[in-house]
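Structure, as structure tokens:
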Amino acid sequence: MSELTTDADREDLRAGARAVLSAKATDEQNRTAIASEAGYDVALWAQLASELGLHSMVFPEEHGGSGFGFVELGVVLSEMGRALLPGPFFTSVVLAGSALVVSGDDEARASYLPGIADGSTVATLAVQEADGAWRHDGFDSEAVHEGGRWSLTGEKSLVPFGTVASLIVVAATTADGPSLFAVEAGAAGLTSEALTTLDITRPLARLRFSRTPAVLIGVTGQAPAILDAVLDRATAALAAEQVGAARACLEMAVAYAKDRSQFGRQIGSFQAIKHKCADMFARIQIAEAAAVEAARAVDGLEDAPPVGVAAAVAHSVCSEAFMFAAAENIQVHGGIGFTWEHPAHLYFRRAKASQLMFGGPGVYHERLLQRMGV
Amino acid sequence: MNDIETFTAEVRAFLDANAQRFPGGEAHLAWGKGDDHTGYFSDDTAEVEAAKFAAARSWQRTRYEGGFGWITGPSSYGGRELSPVHDLVYDLLEAEYDVPDTGVISLIGLGMIGPTILAHGQQAIKDRYLPAMYRGDAIACQLFSEPAAGSDLAGVTTKAVQDGDVWRLTGQKVWTSVAHQAQLGMALCRTNPDVPKHKGITAFLVDLASPGVEIRPLRQMNGGAEFNEVFLTDVVVPDDHRLGEIDGGWRVALTTLMNERASVGGENEGALARVLSDGFLASLLHETGHGADPAARRRLAEITADLTAADYLNRQTVRRLVGGAEPGPEASVSKMMWAQNLTRVAHLAAELVGPRLTADTGAWGTYSWTELLLGSPAFRILGGTEEILKNILGERVLGLPKEPVAP
Amino acid sequence: MSGLDLDTITEVTASVREVFAAGTGAAVLAKALDELGWTEVVEADPAIATTILFSEQGRALASSRLLDDVVLNQLGSVLPAASGSRAVLYPRTGATPGTVGILLGAVEDDTEIVSMAMDENGNASWCLRPASDFTTEAITGFDPTCGWSLARTSTAATAVAAAGTSWDDARAAGRLAITAEIIGVCASALELAVSHTSARHQYGRALASFQAVRHQLSESHAAIESARNTLAAAYAASPEHGGGAWAAKVAKVRAGQTQAIVMRRGIQVLGAMGLTLESEMHRYVTRAAALDALLGGHAELAVEIGTELLGGAAPARVVTI
């Protein structure tokens, strides 16, 4: 398969997304959105879905999608990361959406994807439990099949946008192995509780299920294989978001280094500052290359590396580049970068939370070695 | 079939006819196969070095006769008048074949000085030297750096004084790779001490066989001596060997430096290709008994992720260049990351090998890592120190203000 | 508290520096130290005496078998009285102790070689063998000027004494002395880097005026001072000179890490000059690396410390805040 779009197409896409986000997702607007009931700007969410069609990009055309790839989605995610847009786009489209897409369950896809694609459904994926580990089997949550219906009991933790999602894709153990289920918000026996979060732009919740009615996605025992594929897509997509956010940190640092004077000169003329910015730049360039290559691998482009390796490389390199850029940005800003009012800490929070989302360095390093056969 | 595909087929036919293709991808680079060199710099004996130069020249001649000696050069000098991308395509294909490493003659002489002579040399000089260089007959080196002018190249003090229709050159140059095997040197000299320093420099092409040229080897900390000090004492250079205008040498030098090859693909030749090949470090991990050591595994994973991402960046650069894009700041980023990653590889390998690194016990793939380790400090210095690369990225790419002029 | 006042320490340090600057050779060194009244210095404050002596040996890149004295001093009550001169065979990681090891300098044929051997039950004991039982081969690989040699023997030796805790004591004393020597090598390398970057001008100013350079130098300085303080604290941590195996291990790890920092930065700030054999820098680099490897490299010891901590060892604090 070859690329669906040209560099120029993607630059247009980037410019379009940037234009909207720089008008509607400024630091001030983001903070207002975070403080709102939903935790994100619901009107902007609808605009991104309907006017720009961003939510439907990577879904198959028969389910309301426009059939683009992760290469194109990456451009959008990178802009969202740059603006640090609060909202369930990654959660709904990438996490839950990918689980449905790769499940191979046409009925589930037909039921749920059109809603995710037009933004009317906010979906989430509930995998982690009390210990916070991202795993693909061995869930304590259990689903049983009685009288022709499935019901689910257990507790899920760290579920992104868990209190606002209208559709929850849940991983649970069954007699036939780990499986995925769809649960609708408001279902019997489902309670949710918002958690205080490190990253205030991406709320997390604890969900409790007690004999909650659920719909099986795909066939039983399939969850590990589906989640493996979801993890590749999710880490590839997250990498794009991380690169965009890291670049925002660099831009902030460079702008400040040009603006601020100390000892009678712009601080950017001091090598200690200049070289920090150069280091950030170099690591972001490498990270961007890794993110793009991972997206190309997800899309199955002919000269792309194996998706398992490329996604693991991207997750490692982009997580670290973003964390590095977020921390160095604060250092370049000095005291001002440590204040609540300054956006630097929001990026720092997002950087650490993203790095740990799927287990963190100890886990992703080992995953990379395993994927390379070491 | 587009132009690149046609060219690829042509190169493939030439290589198949003149060289052996390595069987099975990178199998020849696997752990325990062949020699266990890890070094970027050589510490060859004089005989071995002479044989390598002879092999490099002979392969360059084969290339020249096959029409690939100067892919980007003018046809009047045996070139093909194709783009740098064609050059890159050729290199990538050639890496699949067991051919002599021509880096010693091509990186500086053919890659940088040849194009400079073409751009700034006088007609007779071009006719006389360019075909000889690209045929592999003449090797050219740079006479740029001096003891007091390293990073700050515009500070050269080697003097050139006009004397009728010749110039007389006196001074000392350092860090000239391959000077002891070269026939020609491109020298930057001070011709006007009374103007701002980069406005008083003139470039010359020096016949290294001239009286007054003395070349001494400079031993590096890894034990090798690929670099030289070149002493010029009243060396006579005809005015037609001047490159560019009088006092216009800085522009000429920039042409040379701009031709410093984008660090894509070409750097990891020879021993480094093995060190950085898929699975080689993993083999080292297992062979040294660290296969289940979590700390070692984690370090290997970190380095592997960064090496792989750097490789992705190179691939994307190639794709972009092939697609007709202008070269960006990738070269500086690649160089910096290459140096940092190789340094980390050297130290990881040293730790995995452990005490067997400190004395040669004869075990394959152990003591040989000292080559990479002892060469590693140079990676962050030669070809632009890391500090200078960061200045370039900070100032030219990010637009940060320059260091104020010293009071 | 030290039994020596600051003035005396300064004076003694200067004298020892002159001794190493003047020349080499065991006999010359012994005589010069004797003239200095070294015995009294050692009596007054053995820790400071050892630190001065080894720091200065490191600073001068000198080599000697002084370390043997430090190690043997711990074994006075364990080994039978010596009839002549003795030398220590230092273990080489990975090699069978006792039959292969490192000698730090030339020995006479009748010198007794003291080595540690381990029986199949893991019991350590001391062995004595004449030097003539060994074949030696100069170690030239990494640091050709260290004067060390690799000694091997196939002669079986009878244990003369069970090692007991004396091996720990001897090794700890040796590690503290090596730590001092590494610090000396580092301090001297940093001085070279400072003087080079202060004297060399590029872009019209001293290299040391560029932050990229001066910050590397200050990081080296901070690392050296930290190693120095850890060493002093390690000596203070135990009532007896050379005691405290844990503290000695921590100090040597810190010194090993320090040399890695100082040497890497030292070479970088010297630029291309640091890569040539004409600059002295490579000698510091190789000597520091060789010393780091002696009696356990820093990476290896850090793993040991970690394993002991995980195994439930109570971490004896080297520094109490």
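The values are calculated or read from the model by the stated rules, or taken from the named source; none is laboratory data. Note that the structure is predicted; figures quoted are calculated from it, not measured. Using ideal geometry, Cβ is built from the backbone for each residue, glycine included, and neighbour counts are taken over all protein chains shown.
Residue C:227: away from chain A (no Cβ under 14 Å) and surrounded by 22 or more Cβ atoms within 10 Å (Cβ to Cβ), yes or no? Show your work before the answer.
Details: away from chain A (no Cβ under 14 Å): yes; surrounded by 22 or more Cβ atoms within 10 Å (Cβ to Cβ): yes.
So residue C:227 fits the description; yes.
Quick check on this structure: which one of C:176, C:207 is crowded, with 23+ Cβ neighbours inside 10 Å, farther than 25 Å from residue C:294 by Cα and either touching a strand residue (DSSP E or B) at 6+ places or on another chain (Cβ under 7 Å) or not basic (Lys, Arg) (or both)? Spell out the reasoning first.
Details: C:176 fails: farther than 25 Å from residue C:294 by Cα.
Result: C:207 is the single residue among C:176, C:207 that is crowded, with 23+ Cβ neighbours inside 10 Å, farther than 25 Å from residue C:294 by Cα and either touching a strand residue (DSSP E or B) at 6+ places or on another chain (Cβ under 7 Å) or not basic (Lys, Arg) (or both).
Could you tell me whether the stretch C:184-197 includes any residue that is surrounded by fewer than 16 Cβ atoms within 10 Å (Cβ to Cβ), hydroxyl-bearing (Ser, Thr, Tyr), more than 26 Å from residue C:66 (Cα to Cα) and away from every other protein chain (no Cβ under 14 Å)? Can you show your working first?
Quick first cut of the stretch C:184-197, residues surrounded by fewer than 16 Cβ atoms within 10 Å (Cβ to Cβ) only: C:191, C:195.
Within this subset, residues satisfying the condition of being hydroxyl-bearing (Ser, Thr, Tyr) are C:195.
Imposing the further condition that a residue be more than 26 Å from residue C:66 (Cα to Cα) reduces the set to C:195.
Applying the additional criterion that residues be away from every other protein chain (no Cβ under 14 Å) yields C:195.
Yes: the stretch C:184-197 contains one or more residues that are surrounded by fewer than 16 Cβ atoms within 10 Å (Cβ to Cβ), hydroxyl-bearing (Ser, Thr, Tyr), more than 26 Å from residue C:66 (Cα to Cα) and away from every other protein chain (no Cβ under 14 Å).
Is it true that some residue in the stretch B:204-222 is surrounded by fewer than 22 Cβ atoms within 10 Å (Cβ to Cβ), free of Cβ contacts under 8 Å to residues at least 60 places away in the same chain, among the basic types (Lys, Arg) and under 30 Å from residue B:373 (Cα atoms)?
yes
Residues of the stretch A:155-205 being of a type in the set (Ser, Thr, Tyr) and without any contact (Cβ under 8 Å) to a residue 24 or more places away in the chain, which ones?
Filtering the stretch A:155-205 down to residues of a type in the set (Ser, Thr, Tyr) leaves A:157, A:163, A:166, A:173-174, A:179, A:191-192, A:196-197, A:201.
Once the filter is applied, which keeps residues that are of a type in the set (Ser, Thr, Tyr) and without any contact (Cβ under 8 Å) to a residue 24 or more places away in the chain, the stretch A:155-205 yields A:191, A:196.
Of all residues in the stretch A:206-230, which are without any contact (Cβ under 8 Å) to a residue 60 or more places away in the chain, part of a strand (DSSP E or B) and small (Gly, Ala, Ser)?
A:210
Would you please list the contacts, defined by Cβ atoms under 9 Å and residues six or more apart or on different chains, that run from a residue in the stretch B:389-402 that is under 19 Å from residue B:150 (Cα atoms) and more than 7 Å from chain A (Cβ to nearest Cβ) to a residue that is among the basic types (Lys, Arg) and assigned to a helix (DSSP H, G or I)?
Short answer, once both residue conditions are applied: B:389/B:335.
Kindly provide the set of residues from the stretch A:301-337 that are surrounded by fewer than 24 Cβ atoms within 10 Å (Cβ to Cβ), more than 16 Å from residue B:315 (Cα to Cα) and among the small types (Gly, Ala, Ser), ordered by number.
Passing the criteria: A:308, A:327, A:334, A:335, A:337.
Report, by residue number, each residue of the stretch C:287-300 that is of a type outside the set (Gly, Ala, Ser) and within 8 Å of chain B (Cβ to nearest Cβ).
Going through the stretch C:287-300, the residues of a type outside the set (Gly, Ala, Ser) turn out to be C:287, C:291-292, C:294-295, C:298, C:300.
If the condition is that a residue be of a type outside the set (Gly, Ala, Ser) and within 8 Å of chain B (Cβ to nearest Cβ), then C:300 is the only one that fits.
If we keep just the residues of the stretch A:337-374 that are touching a residue at least 12 places away in the same chain (Cβ under 8 Å) and assigned to a loop (DSSP other than H, G, I, E, B), which is nearest to the chain's Cα centre (by Cα)?
The extreme case among them is A:357.
In the stretch A:288-308, what count of residues is obtained for those that are more than 7 Å from chain B (Cβ to nearest Cβ) and either assigned to a helix (DSSP H, G or I) or within 18 Å of residue B:394 (Cα to Cα) (or both)? Working first, answer last.
Here is the first cut: in the stretch A:288-308, the ones more than 7 Å from chain B (Cβ to nearest Cβ) are A:288, A:291, A:294-308.
Going one step further and asking which of them are either assigned to a helix (DSSP H, G or I) or within 18 Å of residue B:394 (Cα to Cα) (or both), we end up with A:288, A:291, A:294-298, A:307-308.
Going through the stretch A:288-308 one residue at a time, the tally reaches 9.
Collect the residues in the stretch B:15-52 that are surrounded by 18 or more Cβ atoms within 10 Å (Cβ to Cβ) and aromatic (Phe, Trp, Tyr), keeping them in residue-number order.
Across the stretch B:15-52, the qualifying residues are B:40, B:41.
Consider residue A:293 carefully, then state whether it is without any contact (Cβ under 8 Å) to a residue 40 or more places away in the chain and under 23 Å from the mean Cα position of the chain (by Cα). Steps first, please.
Numbers: without any contact (Cβ under 8 Å) to a residue 40 or more places away in the chain: yes; under 23 Å from the mean Cα position of the chain (by Cα): yes.
It is true that residue A:293 is without any contact (Cβ under 8 Å) to a residue 40 or more places away in the chain and under 23 Å from the mean Cα position of the chain (by Cα).
Filter the stretch A:67-97 down to the residues that are among the small types (Gly, Ala, Ser), closer than 19 Å to residue A:120 by Cβ and assigned to a helix (DSSP H, G or I) and list them by number.
Within the stretch A:67-97, the subset among the small types (Gly, Ala, Ser) is A:67, A:69, A:74, A:78, A:81, A:83, A:87, A:92, A:96-97.
Still in the list and also closer than 19 Å to residue A:120 by Cβ: A:87, A:92, A:96-97.
Across the stretch A:67-97, the qualifying residues are A:92, A:96, A:97.
Hey, residue C:181 hits all of (1) within 14 Å of chain B (Cβ to nearest Cβ); (2) under 19 Å from residue C:56 (Cβ atoms); (3) not basic (Lys, Arg) but one; which does it fall short on?
(1)
Could you look through the stretch C:273-286, keep only residues that are at the interface with chain B (Cβ under 9 Å from one of its Cβ atoms) and surrounded by 20 or more Cβ atoms within 10 Å (Cβ to Cβ), and pick out the one that is nearest to residue C:201 (Cα to Cα)? Even if it seems obvious, please write down each step before you answer.
Going through the stretch C:273-286, the residues at the interface with chain B (Cβ under 9 Å from one of its Cβ atoms) turn out to be C:273-279, C:281-282, C:285-286.
Going one step further and asking which of them are surrounded by 20 or more Cβ atoms within 10 Å (Cβ to Cβ), we end up with C:274-275, C:281-282, C:285-286.
Numbers: C:274: 16, C:275: 18, C:281: 19, C:282: 22, C:285: 24, C:286: 27 Å.
So the residue we want is C:274.
Say we look at the stretch B:132-153 and pick out the residues that are in a helix (DSSP H, G or I) and within 16 Å of residue B:207 (Cα to Cα); which of these is nearest to the other protein chains (Cβ to nearest Cβ)? Write out each step before concluding.
First pass over the stretch B:132-153, keeping only residues in a helix (DSSP H, G or I): B:132-134, B:153.
Then drop every residue that is not within 16 Å of residue B:207 (Cα to Cα), which leaves B:132-133.
Numbers: B:132: 30, B:133: 26 Å.
By that ranking, first place goes to B:133.
Just to check your reading of the model, which residue among B:92, B:88 is at pLDDT below 90, under 18 Å from the mean Cα position of the chain (by Cα), surrounded by 18 or more Cβ atoms within 10 Å (Cβ to Cβ) and not in a loop (DSSP other than H, G, I, E, B)?
Numbers: B:92 fails: surrounded by 18 or more Cβ atoms within 10 Å (Cβ to Cβ).
The match here is B:88.
Restricting the first residue to the stretch B:46-59 and requiring it to be in contact (Cβ under 8 Å) with a residue 24 or more places away in the chain, which pairs with a second residue that is among the polar types (S, T, N, Q) meet a Cβ separation below 6 Å and a spacing of at least six or different chains?
What qualifies is B:53/B:181; B:56/B:102; B:59/B:102.
Sort out which residues of the stretch C:135-162 are modelled with pLDDT of 85 or more, over 21 Å from residue B:355 (Cα atoms) and among the hydrophobic types (A, V, I, L, M, F, W, C), and write them in order of number.
Across the stretch C:135-162, the qualifying residues are C:160, C:161, C:162.
From the list C:248, C:272, C:288, C:227, which residue is touching a Leu at 6+ places or on another chain (Cβ under 8 Å) and either among the hydroxyl-bearing types (Ser, Thr, Tyr) or touching a residue at least 24 places away in the same chain (Cβ under 8 Å) (or both)?
Numbers: C:272 fails: either among the hydroxyl-bearing types (Ser, Thr, Tyr) or touching a residue at least 24 places away in the same chain (Cβ under 8 Å) (or both); C:288 fails: touching a Leu at 6+ places or on another chain (Cβ under 8 Å); C:227 fails: touching a Leu at 6+ places or on another chain (Cβ under 8 Å).
Going through C:248, C:272, C:288, C:227 in turn, the sole match is C:248.
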